[in-house]
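Heads up, the thing below is written out as structure tokens.
The values are calculated or read from the model by the stated rules, or taken from the named source; none is laboratory data. What you are looking at is a predicted structure, and each value in this text was computed from that prediction instead of being measured. Cβ sites come from the backbone with ideal geometry, for glycine too, and all protein chains shown count toward neighbours. Protein only, heavy atoms only, side chains kept; ligands, DNA and RNA dropped before computing areas. Shrake-Rupley method; radii C 1.70, N 1.55, O 1.52, S 1.80 Å.
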Amino acid sequence: MIACRLAPNLIAMAAKLSSDADGPPEADRFGDAPHPRTASRLVAHAEAEAELLRACASGKLPQAILIGGAPGVGKATLAWRLARFLLVHRDPDDAAAAADLSTPQDHPAVRQAIALSHPDLFLLRRGWNEKDKRHWMDIRVDDVRRMIHMFQQSGSGYRVGVVDSADDLNASSANALLKLIEEPPPRSLVMILAHRPGRVLPTIRSRCRKIMLKPLAAAEIGAVIESLGAPFVKAYASQAATVRADDTLHAALRRLSGSSEFDLRMRRLLEELPRLDWRAIQAAADHVSLRDNADDYRALLDAVGDWLGGRVRALAPHASAPSLAPYAEVWEKAGEAARRTEALNLDKRPFVLSLFADLADAERRSGA
């Protein structure tokens, strides 16, 4: 999760690394929030951290870990916390003496990890398409091969790869990653983050230790937001009551941001399902089809994801599997249609109209 207190020097470094002037935007970074690799403290998930620390201390750390949970729940922060720990504690005896996975913020390995310059560290994520000035729609197989090359180099300590996220792998890149974790080099670790772990290639899942992170409570979301600095602290101080019990961190941050009006409109449309306000939906489709409104298009997709996740969480304790199936079906269909729309640069309006029709149908079919 994005996490708590950041040292001023790390905040400055993160801002520099993430600014458009110094490079393209980062595909695994949410808006203007600091990147999870800069986080010096984890909010919640103490049990998961303790499990990983015991594995380090006992010398029984697996060579592949699948960390699952909703976007913004803390998967990346936990993964980067462990990555920095392994890069700092090169001697296994040092790990056994540690009380937690924290590392000194001024340690050279920590600075290198933040700068993505450590020779034994690789971040696998969607790359930047310089020609089109946007991110590729998926993680390409050539990027996986570059990570494999890093793992094949000799080193005195752990080599660590962070895959953020498995949801972005295509068939070729997933199979290439599978080959790495089937025959990993000694003292290597691949951490695979997954928003929908059930969709990860079964042969990959079977070779990973699985750590599933629970949703954050409203108070925990507040603790994270208050750690992010301006303008998040100021916004949260005045709008803390708007954070709902069923929010994800990303939903709360969007609500607090200056560009939340469109997001709120989308959420009202979703809350009215299965009733469809076609005039408002058509207006939204026209709006996100414009090139300058890419951020609002992403907000629409995120709002749909949050709504689907919230419906499943709300119904799961007292619903049968068949009643939840429509939500899973529309989630899968929407994800595939969104990838195809962006990859082929198609008009977004038909996609948005079809998406709301499918969501309404799923709500009716569930019997909720």
For this session: Answer yes if at least one residue in the stretch 107-127 is touching a helix residue (DSSP H, G or I) at 6+ places or on another chain (Cβ under 9 Å), more than 15 Å from residue 82 (Cα to Cα) and of a type in the set (Lys, Arg), and no otherwise.
Result: yes
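Only residues that are assigned to a helix (DSSP H, G or I), open to solvent by 40 Å² or more (accessible area, probe 1.4 Å) and among the small types (Gly, Ala, Ser): list them for the stretch 310-328, please. Step through it out loud before you land on a result.
In the first step, residues of the stretch 310-328 are kept if they are assigned to a helix (DSSP H, G or I); the result is 310-318, 321-328.
After this cut, where a residue has to be open to solvent by 40 Å² or more (accessible area, probe 1.4 Å) as well, the list is 311-314, 316-318, 321-322, 328.
Hits for the stretch 310-328 are 314, 316, 321, 328.
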Seminar exercise, completed: Picking from 98, 48, the residue that is at negative phi, among the small types (Gly, Ala, Ser) and assigned to a helix (DSSP H, G or I) would be 48
Problem set entry | Enumeration of residues in the stretch 180-219 that are part of a helix (DSSP H, G or I) and either closer than 14 Å to residue 65 by Cα or open to solvent by 60 Å² or more (accessible area, probe 1.4 Å) (or both) | 180, 181, 182, 197, 198, 199, 202, 203, 204, 205, 219
Seminar exercise, completed: Log entry, pairs with first residue in the stretch 138-159 being in contact (Cβ under 8 Å) with a residue 12 or more places away in the chain, second being of a type in the set (D, E, K, R) and in a helix (DSSP H, G or I), beta carbons closer than 8 Å, six or more apart or on different chains, reads 138/168; 138/339; 139/168; 148/179
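How many residues are among the hydroxyl-bearing types (Ser, Thr, Tyr) and either open to solvent by 20 Å² or more (accessible area, probe 1.4 Å) or modelled with pLDDT of 90 or more (or both) if we restrict to the stretch 263-297?
So the answer is 1.
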Exercise. Taking only pairs six or more apart or across chains, which ones have beta-carbon atoms under 6 Å, a first residue in the stretch 261-278 that is over 15 Å from residue 353 (Cβ atoms) and free of Cβ contacts under 8 Å to residues at least 40 places away in the same chain, and a second residue that is of a type in the set (D, E, K, R) and surrounded by 15 or more Cβ atoms within 10 Å (Cβ to Cβ)?
Worked result: 262/296
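So which of 54, 41, 111 ends up being open to solvent by 10 Å² or more (accessible area, probe 1.4 Å), assigned to a helix (DSSP H, G or I) and within 30 Å of residue 234 (Cα to Cα)? Even if it seems obvious, please write down each step before you answer.
On the way: 54 fails: within 30 Å of residue 234 (Cα to Cα); 41 fails: assigned to a helix (DSSP H, G or I).
Being open to solvent by 10 Å² or more (accessible area, probe 1.4 Å), assigned to a helix (DSSP H, G or I) and within 30 Å of residue 234 (Cα to Cα) holds for just one of 54, 41, 111, which is 111.
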For this session: Name every residue in the stretch 150-168 that is open to solvent by 30 Å² or more (accessible area, probe 1.4 Å) and not small (Gly, Ala, Ser), in order of residue number.
Result: 152, 153, 158, 167, 168
Exercise. Out of 193, 169, 189, 213, which single residue is over 22 Å from residue 39 (Cβ atoms), modelled with pLDDT of 90 or more and either aliphatic (A, V, I, L, M) or touching a Pro at 6+ places or on another chain (Cβ under 9 Å) (or both)?
Worked result: 169
Exercise. All but one of (1) in contact (Cβ under 8 Å) with a residue 24 or more places away in the chain; (2) open to solvent by 50 Å² or more (accessible area, probe 1.4 Å); (3) under 22 Å from residue 348 (Cα atoms); (4) under 19 Å from the mean Cα position of the chain (by Cα) hold for residue 307; which doesn't?
Worked result: (2)
Exercise. Residue check: is residue 289 of a type in the set (Ser, Thr, Tyr) and touching a residue at least 40 places away in the same chain (Cβ under 8 Å)?
Worked result: yes
For this session: State which residue pairs qualify: first residue among the basic types (Lys, Arg) and inside the stretch 30-58, second residue part of a loop (DSSP other than H, G, I, E, B) and buried (at least 20 other Cβ atoms within 10 Å of the Cβ) in any location, beta carbons under 6 Å apart, and separation of 6 or more residues or different chains.
Result: 41/3
Exercise. When you scan the stretch 163-173, how many residues do you find that are under 16 Å from residue 146 (Cβ atoms), assigned to a helix (DSSP H, G or I) and of a type outside the set (D, E, K, R)?
Worked result: 2
Problem set entry | All positions within the stretch 220-236 that are assigned to a loop (DSSP other than H, G, I, E, B) and loosely packed, with under 14 Cβ neighbours inside 10 Å | 230, 231
Problem set entry | Scope the stretch 329-344; condition open to solvent by 60 Å² or more (accessible area, probe 1.4 Å) and touching a residue at least 12 places away in the same chain (Cβ under 8 Å); matching residues | 329, 331, 332, 333, 339, 343
Exercise. For the subset of the stretch 134-162 comprising residues that are among the β-branched types (Val, Ile, Thr) and not in a strand (DSSP E or B), which member is nearest to residue 29 (Cα to Cα)?
Worked result: 144
For this session: Scan the stretch 82-90 and give yes if some residue there is of a type in the set (D, E, K, R), open to solvent by 30 Å² or more (accessible area, probe 1.4 Å), within 25 Å of residue 155 (Cα to Cα) and without any contact (Cβ under 8 Å) to a residue 12 or more places away in the chain, otherwise no.
Result: no
Seminar exercise, completed: Subset of the stretch 316-365, residues of a type in the set (S, T, N, Q) and either at pLDDT below 85 or on the phi > 0 side of the Ramachandran plot (or both), comes to 320, 323, 345
